[in-house]
Amino acid sequence: MNIWNLLKFLIAFYLLVLPASLDASTYQINISATSRKVEEKVIVDLKLVNKGNAIAKEVSVDFFHNGKLFKKEEVGELKPNVELLKKNIELSLIEILHGAVIPCLLTYVTVQNVKNTSPFLITVDQNSLDPYLKVKTKEVRIADFAHLNAVIENQGLNEKHIFVRLLVPEEFDVLEDPPNFLLYPQKERKIKIKLMNKWSNPGSSYPAYILLEDQWGKIIGSSNFEIKVISYQEMGWGYLNLLFALLILVGIWEASKGIEDDH
């Protein structure tokens, strides 16, 4: 085999077989929130801590109602091992329908200019949640596509009209319209919703939430679940991918021998 064919062989080997090198930058932003009602407003205090080893840029927190953004709070830059407080963020009770639960999304940009997000909930009034609605969820393991499986149970004595909404990081898309249905007393409903991974890498893990709303858009129940991003090897495709790569390499090898024979 001449030098050119050997070079092609090595390039194909590195592209098809060897894994990409891992980035040394790590990010883990912990966020906690407290809230209180003051007349016709909800006052929110946020505490953010960067537990990673790299700077998080353009940090902000979005507040949602009915799946729509109604307020954005800019935080700025957050250095490693630094705690940052944002106090006295005012939210209107009218905007959030008396403020039972506020869905939020933490957003920041890495030093590689990749946007990372992490959802969380602020519970303003625990008593406004329905104690008879129970939600059971499982971890979602995803490479490109996967399903959230959940069971919603009505342990009360009255029927309930349930509208399901998902709060997931922007790294993922919800590909199906979440269902709405009438849930009778002492009954349960199984749901299955398809998710797509848009740009998150294997090894990443995200919090996510399933929200239960009534017919007026008020959140009356919720449950968290984890989205864990896995590789195709973890899905059991690793050996097939390796075999495919080896077949390509054998083809390149045979082609290079044919070129040498012609000369």
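General observations
- Residues in segment 60-72 that are exposed (fewer than 15 other Cβ atoms within 10 Å of the Cβ) and either aliphatic (A, V, I, L, M) or without any contact (Cβ under 8 Å) to a residue 40 or more places away in the chain (or both): 4 in all.
- K257 at pLDDT below 95 and either surrounded by 13 or more Cβ atoms within 10 Å (Cβ to Cβ) or in contact with a Lys or Arg (Cβ under 7 Å, 6 or more places away or on another chain) (or both): no
Residues checked against (1) touching a strand residue (DSSP E or B) at 6+ places or on another chain (Cβ under 7 Å); (2) among the aliphatic types (A, V, I, L, M); (3) modelled with pLDDT of 95 or more; (4) open to solvent by less than 30 Å² (accessible area, probe 1.4 Å):
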| position | (1), (2), (3), (4) |
| --- | --- |
| R141 | yes, no, yes, no |
| E153 | yes, no, yes, no |
| D173 | yes, no, yes, no |
| E188 | yes, no, yes, no |
| I191 | yes, yes, yes, yes |
| S205 | yes, no, no, no |
| A208 | yes, yes, yes, yes |
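To keep it simple, each residue is scored yes or no on (1) closer than 20 Å to N113 by Cβ; (2) part of a strand (DSSP E or B).
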{"site": "S32", "(1), (2)": "no, yes"}
{"site": "S35", "(1), (2)": "no, yes"}
{"site": "D45", "(1), (2)": "no, yes"}
{"site": "V49", "(1), (2)": "no, yes"}
{"site": "N53", "(1), (2)": "yes, no"}
{"site": "K57", "(1), (2)": "yes, yes"}
{"site": "F70", "(1), (2)": "no, yes"}
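- The lone criterion from (1) surrounded by fewer than 19 Cβ atoms within 10 Å (Cβ to Cβ); (2) over 24 Å from the mean Cα position of the chain (by Cα); (3) farther than 29 Å from Q28 by Cβ left unmet by K160 is number (1).
- Residues that are under 21 Å from V101 (Cβ atoms), in a strand (DSSP E or B) and either among the β-branched types (V, I, T) or over 14 Å from the mean Cα position of the chain (by Cα) (or both) within segment 166-190 comprise V174, N180, F181, L183, R189, listed in sequence order.
- Selection within segment 126-143 - in a loop (DSSP other than H, G, I, E, B) and over 13 Å from the mean Cα position of the chain (by Cα): L129, D130, P131, Y132, K138
- Residue tally, condition of a type outside the set (V, I, T) and closer than 13 Å to K192 by Cβ, over segment 137-180: 13
- Criterion applied to D177, D130 was being open to solvent by 20 Å² or more (accessible area, probe 1.4 Å) and either more than 30 Å from D45 (Cβ to Cβ) or of a type in the set (G, A, S) (or both), and the one residue passing it is D177.
- Residue match in segment 175-183 (condition: of a type outside the set (K, R), touching a Phe, Trp or Tyr at 6+ places or on another chain (Cβ under 7 Å) and at negative phi): yes
Okay, residues lined up against (1) closer than 17 Å to P169 by Cβ; (2) modelled with pLDDT under 85:
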position: L7; (1), (2): no, yes
position: I29; (1), (2): yes, no
position: A33; (1), (2): no, no
position: G52; (1), (2): yes, no
position: E74; (1), (2): no, no
position: N88; (1), (2): no, no
position: P103; (1), (2): yes, no
position: T110; (1), (2): yes, no
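- Set side by side, the residues W237, W199 differ, and just one is loosely packed, with under 14 Cβ neighbours inside 10 Å, at pLDDT 70 or above and outside any strand (DSSP E or B), which is W199.
The values are calculated or read from the model by the stated rules, or taken from the named source; none is laboratory data. This structure is a prediction, so every number in the text was calculated from the model and none was measured. Heads up, the Cβs are rebuilt from the backbone with ideal geometry, glycines too, and the neighbour counts pull from every protein chain shown. With ligands, DNA and RNA removed, areas are computed over all heavy atoms of the protein, side chains included. Shrake-Rupley method; radii C 1.70, N 1.55, O 1.52, S 1.80 Å.
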